[in-house]
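The values are calculated or read from the model by the stated rules, or taken from the named source; none is laboratory data. Since the structure is predicted, the reported quantities are computational estimates derived from the model, not experimental observations. In this analysis, Cβ positions are derived from the backbone assuming ideal geometry, glycine residues included, and neighbour counts consider all displayed protein chains.
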Amino acid sequence: MLLLASLSGLLLASGSCEFLQPIGGDGNTTVTKRVDRPKVSPLRMALGRTNWNTDFSVNQPYRSYKLFFTAQSTEQATYPIEAYLKFSDGSNLRVVNESMKPP
């Protein structure tokens, strides 16, 4: 079981920092999720809390970005972490493709 908490995107434009809004969020710029490794049903469908995705909307030019990941786990394992920025023209950019081992 992995608890992914405090995932925030940061937009730097015109000399000021601004948090990005998660797509499908509740207006809060910090996303906390509890996700599980998928369990496969006899019909080969994923069961459980399998939504590991959190996307942030980029609606203006940026010079740099910063993402914060914090994870807590009951297992000593390494977890894949990917982050994408989605742009208003429908394109996206993968900005993180790493593995994370919670402390």
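Restricting to strands (runs of 3 or more DSSP E) lying wholly in region 1-73: which have 2 or more residues that are at pLDDT below 70 and either among the hydrophobic types (A, V, I, L, M, F, W, C) or surrounded by 16 or more Cβ atoms within 10 Å (Cβ to Cβ) (or both)? Before you say what the answer is, go through the steps one by one.
Values: elements: 2-13, 16-19, 31-35, 56-58, 64-73.
Passing ranges, in order: 2-13.
Give me the residue from region 74-103 that is of a type in the set (K, R) and surrounded by 10 or more Cβ atoms within 10 Å (Cβ to Cβ) and, out of that set, modelled with the lowest pLDDT.
Step by step, filter region 74-103, then rank; the result is K86.
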